[in-house]
Amino acid sequence: MTAPFKNVKTGSPAGGSIAPLKNVASLMTLIETLRNRAFGLPGIGVFSGHSGFGKSVAAQYAMNRTGAIYVEVRDYWRPKRLCEALLNELGEMKPRGTLAKMMDDIIYRVGDAPDRALIIDEADKLVDGCMIELIRDIHETTQAPVVLIGEENLPKKLEKHERVHNRVLDFQLANPCDQEDTAALARLLVPDLRLSSDLLEDVRTRTSGRARRIATTLHEIGQHARNNGLTEIDRASYGGRIFTGETPIRHRSGGRS
């Protein structure tokens with residue numbers, strides 16, 4: 001997902017800085033747990049949750065803060081393309097050679113900085129594409145911390161890969177935004193607009209607490225306020241859209257569609 005809260009390439013904020021959501025803190029804590037684990041403990045962590053909870057935003061923030069290696073897996077990737085992407089992130093812009101040679105190169109480079117976490121976003125696709133064992137090999141050989149980020153059913157998928165599942169030190173669930181998270185997003189995305197607590201709670205409830213939908217709705221509220229010359233707004237006075245994720249339906253009128 002594209003981060004709606006921060007330009008992660010330049011670090012320039014959108015209206016301030018990245019929103020201090022609780023899922024960001026949870027992921028940062030997971031990474032520190034893996035980095036500071038006792039000798040002999042496995043070093044894979046899993047951060048999973050429903051789409052729209054802000055997992056990718058948290059991952060990109062963690063990458064910027066910790067210098068982690070970050071790769072977002074694509075649906076069409078196969079093992080060699082995964083290795084090429086990892087080598088790109090490790091500084092090799094034109095990877096060449098067989099899959100085995102590239103894996104050796106990855107292990108050598110990751111092993112040079114074993115405290116540097118490897119964050120794999122959309123890790124479900126590693127499992128579905130029969131690539132998850134490559135990541136286990138990297139972890140086993142280097143002992144570098146590895147964070148697998150994916151959808152709600154990622155932990156269940158990993159159960160079918162016992163050698164990977166047994167090396168997971170901690171499973172963390174991304175959670176929907178609560179009232180504090182929603183207010184933090186509002187301060188970031190519409191800083192010049194005063195929103196009532198009842199409107200924010202309505203937005204949070206109707207979006208099911210999904211950060212992406214909340215951010216999109218806040219943008220809509222900001223547009224509504226600018227178009228109507230408002231500096232504050234509450235639930236009763238807001239007649240615009242709230243992005244619930246429901247498919248729009250064309251209503252019949254006068255007996256015709």
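Of all residues in the stretch 82-110, which are out of contact with any helix residue (DSSP H, G or I) (no Cβ under 7 Å at 6 or more places or on another chain) and closer than 21 Å to GLU151 by Cβ?
ALA85
Hey, does the stretch 122-136 have a residue that's in a loop (DSSP other than H, G, I, E, B) and touching a Pro at 6+ places or on another chain (Cβ under 6 Å)?
Yes, because at least one residue in the stretch 122-136 is in a loop (DSSP other than H, G, I, E, B) and touching a Pro at 6+ places or on another chain (Cβ under 6 Å).
Of everything in the stretch 214-238 that's crowded, with 16+ Cβ neighbours inside 10 Å and among the polar types (S, T, N, Q), which residue is nearest to SER51 (Cα to Cα)?
For the stretch 214-238, the residue satisfying everything is THR216.
For the stretch 153-213, please list each of the helices (runs of 4 or more DSSP H) lying entirely inside it that holds at least 3 residues being under 19 Å from PRO42 (Cβ atoms), touching a residue at least 40 places away in the same chain (Cβ under 8 Å) and open to solvent by 80 Å² or more (accessible area, probe 1.4 Å).
In the stretch 153-213, no matching helices (runs of 4 or more DSSP H) lie anywhere.
Among the residues of the stretch 93-118, which ones are open to solvent by 40 Å² or more (accessible area, probe 1.4 Å), aliphatic (A, V, I, L, M) and not in a helix (DSSP H, G or I)?
MET93, ALA113 - these are the residues of the stretch 93-118 that are open to solvent by 40 Å² or more (accessible area, probe 1.4 Å), aliphatic (A, V, I, L, M) and not in a helix (DSSP H, G or I).
Quickly run through the stretch 127-150 and pick out the residues that are more than 22 Å from LEU41 (Cβ to Cβ), of a type in the set (A, V, I, L, M) and either touching a residue at least 40 places away in the same chain (Cβ under 8 Å) or open to solvent by 20 Å² or more (accessible area, probe 1.4 Å) (or both).
Matches in the stretch 127-150: MET131 only.
Give the residues of the stretch 17-54 that are open to solvent by 40 Å² or more (accessible area, probe 1.4 Å), closer than 28 Å to GLU162 by Cβ and not acidic (Asp, Glu), sorted by residue number.
Scanning the stretch 17-54 gives THR29, THR33, ARG35, ASN36, ARG37, ALA38, PHE39, GLY40, LEU41, HIS50, SER51.
Residue pairs, Cβ under 8 Å, 6 or more apart or interchain, first in the stretch 228-249 and closer than 12 Å to LEU200 by Cα and part of a loop (DSSP other than H, G, I, E, B), second of a type in the set (Lys, Arg) and modelled with pLDDT of 90 or more. List them.
Final answer for the pair search is ILE242/ARG206.
State whether the residues of the stretch 22-29 include one that is basic (Lys, Arg) and at pLDDT 95 or above.
No, the stretch 22-29 has no match at all.
The values are calculated or read from the model by the stated rules, or taken from the named source; none is laboratory data. The model shown is predicted, which means the values in this text are computed figures rather than measured ones. For neighbour counting, all protein chains shown are included, and Cβ atoms are generated from backbone atoms with ideal geometry for every residue, glycine included. Areas reflect the complete protein model, heavy atoms only, side chains present, ligands, DNA and RNA absent. Shrake-Rupley method; radii C 1.70, N 1.55, O 1.52, S 1.80 Å.
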